[in-house]
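Below: the structure, in structure tokens.
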Amino acid sequence: MSQKLHFVVLLGSLRQASLNRMVAETLPRIAPEGIHISPLGCVGAFPLYDQDLQDREMPAPVLEMADQIRSADGVIIVTPEYNYSVPGVLKNALDWLSRVAPQPLARKPLAIQTVSPGMIGGARAQYHLRQILVFLDAYVLNRPEVMIGQAATKFDTERRELTDPGTRDFLVRQINALAELARAMA
């Protein structure tokens, strides 16, 4: 089981100082040996979904991200929770990606991570995201679930760093579980 894996990270936040961004930036540094993690492009580069625009020409950022996802062994979505659900920019990106053929997320191992200042760490966003991903036929990792609650206590925002060792260890556990799923599906 020494197959090297490549995972890509889809960030559901546009904010530069986002705690979710800090988690996404942490993942490549904590990736276990044999696993390479790299960011996808910014979902803010996608226009609002419009069937007329799609009919004229699929936007280049959408096609580029779809190609990156297709060539990866797995995807990690890191997102905040907005109003008990997923951010509009993430939903928009998934709507665009759902229109690309072949569907890049179909049968793709995928893990979800949410970060929130609240107690439950984005659980409602994960619930809605899982509903969306069913339609896209992604293979969402069930456990361990990463919901980082009370996030303000787990980061050094000045250094843009996740400082809580327990949270870092838990992220590594999820990355290893995603690797196990990806290898089982290979």
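The values are calculated or read from the model by the stated rules, or taken from the named source; none is laboratory data. Source: prediction; values computed, not measured. Ideal geometry is used to build each Cβ from the backbone, glycine not excepted, and the neighbour counts take in all protein chains shown. To get the accessible areas, we keep the full protein, side chains included, count just its heavy atoms, and leave off ligands, DNA and RNA. Shrake-Rupley method; radii C 1.70, N 1.55, O 1.52, S 1.80 Å.
When you scan the range 51-103 for helices (runs of 4 or more DSSP H) that lie fully inside it, which ones turn up with 3 or more residues that are open to solvent by less than 50 Å² (accessible area, probe 1.4 Å)? Before you say what the answer is, go through the steps one by one.
Details: elements: 51-56, 60-71, 88-97.
Because the criterion is at least 3 residues that are open to solvent by less than 50 Å² (accessible area, probe 1.4 Å), the helices (runs of 4 or more DSSP H) in the range 51-103 that meet it are 60-71, 88-97.
Being β-branched (Val, Ile, Thr) and either under 13 Å from residue 113 (Cβ atoms) or open to solvent by less than 70 Å² (accessible area, probe 1.4 Å) (or both) is the filter here; which residues of the range 136-177 pass it?
Of all residues in the range 136-177, those β-branched (Val, Ile, Thr) come to 140, 146, 148, 153, 157, 163, 167, 172, 175.
Those that are β-branched (Val, Ile, Thr) and either under 13 Å from residue 113 (Cβ atoms) or open to solvent by less than 70 Å² (accessible area, probe 1.4 Å) (or both): 140, 146, 148, 163, 167, 172, 175.
How many residues are assigned to a strand (DSSP E or B) and either closer than 24 Å to residue 84 by Cβ or in contact (Cβ under 8 Å) with a residue 60 or more places away in the chain (or both) if we restrict to the range 128-186? Break it down into steps so the answer makes sense when it comes.
Going through the range 128-186, the residues assigned to a strand (DSSP E or B) turn out to be 139-140, 146-148, 155-156, 161-162.
Right, trim to either closer than 24 Å to residue 84 by Cβ or in contact (Cβ under 8 Å) with a residue 60 or more places away in the chain (or both) and you get 140, 146-148, 155, 161-162.
Result for the range 128-186: 7.
Quick one: in the range 35-50, which of the residues that are free of Cβ contacts under 8 Å to residues at least 60 places away in the same chain and more than 14 Å from the chain's Cα centre (by Cα) is surrounded by the most Cβ atoms within 10 Å (Cβ to Cβ)?
Our first condition is that a residue be free of Cβ contacts under 8 Å to residues at least 60 places away in the same chain; within the range 35-50, this holds for 36, 38-50.
Applying the additional criterion that residues be more than 14 Å from the chain's Cα centre (by Cα) yields 36, 44-50.
Working: 36: 13, 44: 12, 45: 13, 46: 19, 47: 12, 48: 10, 49: 17, 50: 11.
In this case the residue turns out to be 46.
Scan 163, 114, 153 and give me the residue that is within 20 Å of residue 19 (Cβ to Cβ) and modelled with pLDDT under 95. Give the derivation first.
Working: 163 fails: modelled with pLDDT under 95; 114 fails: modelled with pLDDT under 95.
Residue meeting the stated conditions: 153.
Scan the range 21-33 and tell me whether some residue there is of a type in the set (Asp, Glu), in a helix (DSSP H, G or I) and touching a residue at least 60 places away in the same chain (Cβ under 8 Å).
Step one: list which residues in the range 21-33 are of a type in the set (Asp, Glu), which gives 25, 33.
Remaining after also requiring in a helix (DSSP H, G or I): 25.
Narrowing further to those that are touching a residue at least 60 places away in the same chain (Cβ under 8 Å): 25.
Yes, the range 21-33 contains a residue that is of a type in the set (Asp, Glu), in a helix (DSSP H, G or I) and touching a residue at least 60 places away in the same chain (Cβ under 8 Å).
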